[in-house]
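Step one of this worksheet: look at the structure below.
The values are calculated or read from the model by the stated rules, or taken from the named source; none is laboratory data. Here the structure is a predicted model, which means the values were calculated and not measured. As a convention, Cβ positions derive from the backbone with ideal geometry for all residues, glycine included, and neighbour counts pool all protein chains shown. With ligands, DNA and RNA removed, areas are computed over all heavy atoms of the protein, side chains included. Shrake-Rupley method; radii C 1.70, N 1.55, O 1.52, S 1.80 Å.
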Amino acid sequence: MTTLSRALLSHRRPVVDPLFLCLAWVLISILLPINNTVDGFCAYRLSAIKILPHGTRSSLNRQAHPNLVHKTFNMSKNDDDATSLQPIRAGFIGCGTIAYSIASGLANPKHAIFLSQHSLSLSSICVTRRSESRSTKLKDSYPDVVTVYDSAEEVVKNSEVVFLCVLPQHVDGVLGELTDEGVWNEDVHTLVSLVSTSKVDDLIRKTNLPPNKVYKMICLPPIAQREGCALLQPPASNNNGHPYLKSMLDALGGCVECANDDIMNAMMIPGCLMGPMYGIMRNNRDWLVKQGVPPEDASYFIGRTYLSIVQDAERDSREPARFDELIQEQTPGGLNEQQGVFDAYNNAMNAILSRSILHILGTNQHRYDENQLNKAQCNL
């Protein structure tokens, strides 16, 4: 071995360089907390994913952990939040304008969040083929939740909350047939009649359902957009009432519960002024057109103006003084001070109420005497 080789061997570095060990220790000290943080973040992110709505949850899973999407999605189906929602199985006997509007309000996917805020979720909607154009449209619009049946019996058997939406002259025949077939189950079914002339006591007698399973309801078509306010008799939110009927209607825009027939009959009357209100708006439009305003501008302006007026009135409307305050804000000496306008409206409402009660109860049971009725009808 040469002298040079001996020199090189005598200065050979050890197998593990101390400098390398120092650098490795520093790197480990830095990377270990980062790794723990990443693990903790992933665990936190997955726990957050678990409580998100299904659509958001699935999208987030695909971004973060593509291999875990299926597993996490299956776990989400058993979430406590999802299983705690009360499913709604609604049925509609008849599919006119009001039935279609209620069903659309329930089935609209955009409204699911409002139902969930009341611990509710839509499970299914069953509807009779009656008024086939609307029932078909409903099925085409919401195919995942709507089923159309040929008979009222099939609707009742596949529903829990059954909405009766037929003409007054068909009520006895429909309910009589269902009762004879024995389809009503007092542990399952709740009947909600949308027939304006129906009485709760008569519905109880015709179906043999217990009192806390029979209701009368009045609403207008805007319930499909969660607008307006439904009327419900008797109150469903008391201790012996329905577990979620009032909450469901609140989720669809709002609900006022009526204690008895007299309150219900009176509350129905302002809704009868919907036609006159549209008539006033039409007259406003026509007047503007006669002044040279283009028809499309006149129509749009009137619609938007009345919308702003109503929206202003609706704010804080739970406060009885709200309307009085708005009137006080108007110009002194204006139409708000022309008492004759309001007298005419009062007379019209009295006449409508008189006719309604006569139609529902019959002349012999009417609580107004003949002179009062004739006066109201003349004023109308």
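List of remarks:
- Inter-probe distance in nm under a simple model that places probes 7 Å from Cα toward Cβ, at Leu167 and Arg282: 2.3 nm
- Ligands, DNA and RNA left out, the accessible area of the stretch 186-276 computed with a 1.4 Å probe is 51% carbon and sulfur.
- For Asp180 and Ala259, the FRET efficiency from 1/(1 + (r/R0)^6), where r spans their Cβ atoms and R0 equals 30 Å, is about 0.40.
- Relative packing of peptides 289-296, 262-269, 228-235 - highest average C-beta neighbours within 10 Å first: 228-235, 262-269, 289-296
- Modelled this way, with points 7 Å down the Cα-to-C-beta line, the labels at Ser317 and Ser237 are 1.6 nm from one another.
- Members of Lys157/Lys216; Lys137/Lys206; Lys213/Lys246; Lys139/Lys246; Lys139/Lys213; Lys110/Lys216 lying beyond 24 Å, as alpha-carbon distances in this model show: Lys137/Lys206; Lys139/Lys246; Lys139/Lys213; Lys110/Lys216
- Debye equation applied to the C-alpha atoms of the stretch 122-213, log10 I(q)/I(0) at 0.14, 0.18 Å⁻¹: -0.50, -0.82
- Computed from the C-alpha gyration tensor, the three semi-axes of the ellipsoid equivalent to the stretch 192-248 are 21, 15, 7 Å, from longest to shortest.
- Size of the stretch 198-333 from its Cα atoms: along the principal axes, largest to smallest, the extents are 62, 30, 26 Å.
- With a simple spin-label model that places each label point 7 Å from the Cα along the Cα-to-Cβ direction, the separation between Asn158 and Asp324 comes to 5.4 nm.
- Compared with the direct C-alpha span, the chain from Arg129 to Thr197 gains 22.2 nm at full extension, assuming 0.36 nm per residue.
- Net charge over other residues, Cβ less than 12 angstrom from the Cβ of Met264 (K, R count +1; D, E count -1): -1
- The listed residues Lys139, Lys157, once ranked by accessible area (1.4 Å probe) with the largest placed first, stand as Lys157, Lys139.
- Accessible area of His111 (1.4 Å probe, protein heavy atoms only, ligands and nucleic acids ignored): about 20 Å².
- The stretch between Leu220 and Val310, if pulled fully straight at 0.36 nm per residue, gains 30.8 nm over its current Cα-Cα span.
- Taking all protein chains into account, the per residue accessible area for the stretch 135-279 stands at 45 Å² (1.4 Å probe).
- Per-residue HN-Hα couplings for the stretch 116-132 [Karplus 6.51, -1.76, 1.60; θ = phi - 60°; Hz; x = Gly/Pro]: 5, 5, 9, 6, 10, 8, 7, 9, 7, 10, 10, 9, 6, 6, 3, 6, 4
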